[in-house]
1. If we count chymotrypsin sites (Phe, Trp or Tyr not before Pro) as exposed when they sit in a DSSP loop and have at most 15 other beta carbons within 10 Å, what is the longest stretch of the chain that avoids them all?
2. Relative contact order for the stretch 40-126: what is it in percent, counting Cα pairs under 8 Å that are at least 6 residues apart?
3. Which ³J(HN,Hα) values in Hz, rounded to whole numbers, follow from the phi angles of the stretch 245-259 under the Karplus curve 6.51 cos²θ - 1.76 cosθ + 1.60, where θ = phi - 60° and Gly and Pro get x?
4. Could you list the square roots of 5 times each eigenvalue of the Cα gyration tensor of the stretch 64-298, that is, the equivalent ellipsoid semi-axes, sorted largest first and rounded to whole Å?
5. Once all Cα-Cα distances of the stretch 1-149 are split into 10 Å bins that start at 0, what whole-number percent is in each one?
6. Given Cβ point charges of +1 (Lys, Arg) and -1 (Asp, Glu) and nothing else, what value in debye, to the nearest 20, does the dipole of the chain about its Cα centre take?
7. With the cut-off at 1.5 for a/c, could you classify the stretch 89-172 from its C-alpha gyration tensor as rounded, prolate or oblate?
8. If you restrict to DSSP beta bridges whose two residues both lie in the stretch 187-304, what percentage is antiparallel, to the nearest 5?
Amino acid sequence: MSEEAAFHAFRPVPKTGVIFVTSEATKLGFSPSDPEWCNLGQGQPETGELPGAPPRVREIPIHVDDQEYAPVAGLWELREAVASLYNRLYRKGLPSQYSAENVCISGGGRTALTRAAASLGTINLGHFLPDYTAYEELLDIFKAFTSIPILLEGERGYSFTADDLRREALGRGLSALLLSNPCNPTGKLVEGDELARWVGVARELDCTLLLDEFYSHYIYRGRPGQLPVESAARYVEDVDKDPVVVFDGFTKNWRYPGWRTTWALGPKSVVERFASAGSFLDGGGSKPLQRAAIPLLDEDYVVKETMAIQSAFRDKRDRMMSRLERIGVRFDRVPDGTFYCWGNVASLPPPLSDGMGLFRAALTKKVITVPGEFFDVNPGKRRTGRASRFRTYVRFSFGPAAPVLERALDRLEALVREA
């Protein structure tokens, strides 16, 4: 009997897309510290210095009481700082303002989303196809709610309007909708008047929006005179009554993924439920890292970091898309945000014309990508017996530094020439 089969108490637990591809690469010698490898599968941005950005944090002090547990909902001072930042960025002059009680701190984005999922009742929860790979297991592990897939069409640029939201909420009886905005992997952004209409529909129909806004500072189109960031928090009328919850943290927008310091922002009554879920799920995040995070929420710091991100990552996006299009990768849309290009490889010579085929072949060149089928979120594998609609797609990350991207693109060009 195999070692895996010997333990009947445990079920097979699938890997998310990023974990799968790095595990496969590791079998061939990949190491994050090996400069020969180019990881276009990574879900984190480059974490070093960027021109115009504030200096990177190199060390943090640990106070005497940091040896103790942090509150499950997070340090009060950090919760206040998060609320204050949202009020300054999105709610100037509005009568309803966020407070510390509207914020719940977690030890990572998945932890924040897991707390939310554990707090949902017996409802229908909508989610998009394609979307973030980690949603799949998250939507399956908790049995109180039923997950309802909503297919977005590449031919429409993955558009989904407020009218579509109304139709889905009424037709499928949705009580909540989970999505990443901007979307991982397509880069599609819902913003401005359209996002305001979404919030209006959610308010009218009591359909809670659970918005993963971890890429909300990676937006490559902006309004003149306005910091190019977006959040549904801008369009909430009453912070304690509107059914809108946003998730964000230091992982992407501050480029500190290793800190595992994130938050959920929403009505006080919802935040209380998240904290209760955290008390049995995870117990709370790191106290010294939460304390060290407080100064990084200063508005001047955020503006400088965001503008540096915009400049560096827009250039990398444009360079990656240009070179991938040159070798035959096609794109349904130019990504409005994130640091991913969602490409269709069907026009490449086989076996590169399939996402998994390109992934396997690219590994021989020490380049990692993520096959599109991982973003075909399928909780419980209820849709079986057919190939994924996204089998010819690949997510290419321009999170790595520019020299790494250039090496990777050179190798992919060589791969296509050889094929």
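1. The segment 70-419 is the longest one with no such site.
2. Taking the mean separation of contacting Cα pairs over the length of the stretch 40-126, I get 23 percent.
3. Result, rounded to whole Hz: 10, 10, 10, 7, x, 7, 4, 10, 5, 10, 6, 10, x, x, 6.
4. Equivalent-ellipsoid dimensions as semi-axes: 27, 21, 17 Å.
5. 8, 20, 30, 30, 11, 2, 0
6. Result for the chain is approximately 900 debye, rounded to the nearest 20.
7. oblate
8. Roughly 50 percent of the beta bridges in the stretch 187-304 run antiparallel, per DSSP.
A short reminder: the numbers here are calculations on the coordinates, not readings from a lab. Everything numeric in this text was worked out from a predicted model, so none of it was measured. Note that each Cβ is placed from the backbone with ideal geometry, even for glycine, and that neighbours are counted across all protein chains shown.
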